[in-house]
Amino acid sequence: MLLASPAAASRDPAALPRLFITVLAVAVLWPGLVITEFAPATLVDPRNLDVFSRFLAGFWPPETSPEFLALLGKATLETLAMATAGLALALLLAIPLSLLASRALSVSALLTGRPSRWASAARYPVRLLLILLRSIPEIVWALLFVRAVGLGPTAGVLAIAITYSGMLGKVYAEIYESVDQRPARALMQAGSSRLAAFFYGVLPAAAQELMSYTIYRWECAVRASVIMGFVGAGGLGQMIDLSIRMFAGGEVVSILLTFLVLVLLADQLSTLLRRRLA
Amino acid sequence: MSRRLEALLWSSAIIAALIASFVYLGMDLLGLFRGDSPEQMLSYAQSFFPPETSPDWLSKIARGALETLAISAIGTLLAALAGAALSLFAAGRLGRIAKSLSRLLLNALRSVPELVWAALMVLAAGLGPFAGTLAIALHTAGVLGRLFAEALENTPTAPAQALRDAGAGPVAAFCYGTLPNVMPQWVAYSLYRWENNIRMAAVLGFVGAGGLGQMLYVTLSLFQQPRAMTVILAMIIMVLLVDALSAWLRARLG
């Protein structure tokens, strides 16, 4: 037993403060429970319970009819293609932005070791743009693009491209700054252009890390494009959304299992690629 | 030489995959810049401005933001409690069978994304923030349970053993010998997940699970773009505030 007797309880010197903290925490969280309409009773409400238990009962066996599996395969490929194409487009935007935002190629820093105030001020809008690009979640972009360009994977690709260009651009710029700066500085001091200094001074040292981060982000993009379909942007998400709405439990299980395998494979492939290329 | 050949092989495989992706999707990207579609997109984008700032709508936004915060906080708290309970099994403290079963459960909870949980919970608990809370709690319980179990496995056993040797019961030995060691780590993991969950709770509403996401979805469906813009701005501000706050806290405490 935790406490053998009341006398033993009074011997815990920390009991009173702990009680105080617990009461305080409950007092702070109480409004939270009210706002979230916290009512576990709704889970066992006969109507909800009936609907959900019928849904759960349909979970077994998983749907394995050939037509459904063909559809599933198509959606899986679409999800993978969405992630890959989205990331490729993101790179098109992220690379120039990262070059603009990075302090590694600063000419004014050659003399003093630090970029001049004006140069920093000029980089600031690019950094702000990168923050703006990545601070809106990709699924919000997908929701907007579905309305702008129509249902289907195009909206998902554009959404991934925008959010991930913000993430990649920021991290790329930081990676350029984290490698040894002396080669690039020496090149620029010897009169080479900034782009040449980047290609011969920064890129050789940073390539491995850039590659490894990009592959990691591809893995994240696969996860992201799976759920993109909930707002109508194609792929596995759209299938699972439809199946849930139609109470087709067997289909839901099949899609979830496919999703698990896909994420697992993407994870394995990403580890393999990073070992081979980086 | 062979290493170079291998790199070349992998690179060409990646390029082939890229081309295959674009071909498979049949995306008409250039079509986005042809005809009147740029104008249509521009006019759609312009319809979002200016964002609606009537006091009535702003107070609704504040209520939605509060709801999002509450969903993430209560969800994370429930997840921490469930995760703590499951981690005891997963760390192998209560037998081998319980260990592998609870690990399986944690993996299953974790590998289903929050949004899928939310869609399922909307069926189980009805539309509204409670479904979102449950969705966050289920996914996060899987994540935290694993992290908690790892912390338990790595904590020194000597204090609890000393208490046991001195005649304390197993529960007392755990509460006073093990828990104080793992508690700081458990709290740190929970706070970190909470930060993630605030962002997630903002979009769970797309499937009807309350908060700012539901407001965004509804306003966009009703073609009330200026109102949607206010919701998006509120989301951005919330994300940036949470980022800044956690960076500040990390600098202070770390």
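Filtering B:A131, B:A62 for residues that are in contact (Cβ under 8 Å) with a residue 60 or more places away in the chain and either farther than 24 Å from B:Y192 by Cα or more than 8 Å from every other protein chain (Cβ to nearest Cβ) (or both) leaves a single hit, B:A131.
On inspection, B:Y176 does not qualify as of a type in the set (S, T, Y), under 20 Å from B:P129 (Cα atoms), within 11 Å of chain A (Cβ to nearest Cβ) and surrounded by 16 or more Cβ atoms within 10 Å (Cβ to Cβ).
Scan the stretch B:33-41 and tell me whether some residue there is out of contact with any His (no Cβ under 6 Å at 6 or more places or on another chain), among the small types (G, A, S), under 23 Å from A:R147 (Cα atoms) and not in a loop (DSSP other than H, G, I, E, B). Yes, because at least one residue in the stretch B:33-41 is out of contact with any His (no Cβ under 6 Å at 6 or more places or on another chain), among the small types (G, A, S), under 23 Å from A:R147 (Cα atoms) and not in a loop (DSSP other than H, G, I, E, B).
In the set B:A234, B:A228, which member is touching a helix residue (DSSP H, G or I) at 6+ places or on another chain (Cβ under 7 Å), closer than 27 Å to A:E37 by Cβ, part of a helix (DSSP H, G or I) and away from chain A (no Cβ under 11 Å)?
One residue alone meets the criteria, B:A234.
For the stretch A:203-236, which residues satisfy the criterion of being among the aliphatic types (A, V, I, L, M), within 12 Å of another protein chain (Cβ to nearest Cβ) and in a helix (DSSP H, G or I)?
A:A207, A:M211, A:I215, A:A221, A:V222, A:A224, A:V226, A:I227, A:M228, A:V231, A:L236
Residues of the stretch B:238-248 that are more than 9 Å from chain A (Cβ to nearest Cβ) and free of Cβ contacts under 8 Å to residues at least 40 places away in the same chain: B:L241, B:A244, B:L245, B:A247, B:W248. The helices (runs of 4 or more DSSP H) found wholly in the stretch B:103-167 and carrying at least 1 residues that are over 28 Å from A:G32 (Cβ atoms) occupy B:129-154, B:158-165. Pick from the stretch A:237-278 the residues that are of a type in the set (D, E) and buried (at least 20 other Cβ atoms within 10 Å of the Cβ): which of them is nearest to the other protein chains (Cβ to nearest Cβ)? Once the filter is applied, the top-ranked residue is A:D241.
Yes/no per residue for (1) at pLDDT below 90; (2) more than 30 Å from B:M238 (Cβ to Cβ):
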site	(1), (2)
B:L138	no, no
B:L152	no, yes
B:Y189	no, no
B:E195	yes, no
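Of the residues making up the stretch A:34-75, those that are surrounded by 17 or more Cβ atoms within 10 Å (Cβ to Cβ) and without any contact (Cβ under 8 Å) to a residue 60 or more places away in the chain are A:I35, A:T36, A:E37, A:F38, A:T42, A:F52. Would a scan of the stretch A:195-211 turn up a residue that is modelled with pLDDT under 90 and among the hydroxyl-bearing types (S, T, Y)? For the stretch A:195-211, residues modelled with pLDDT under 90 and among the hydroxyl-bearing types (S, T, Y): absent.
The values are calculated or read from the model by the stated rules, or taken from the named source; none is laboratory data. What you see is a predicted model; the values in this text were computed from it and never measured. So basically every Cβ, Gly included, is an ideal-geometry build from the backbone, and we count neighbours across all protein chains shown.
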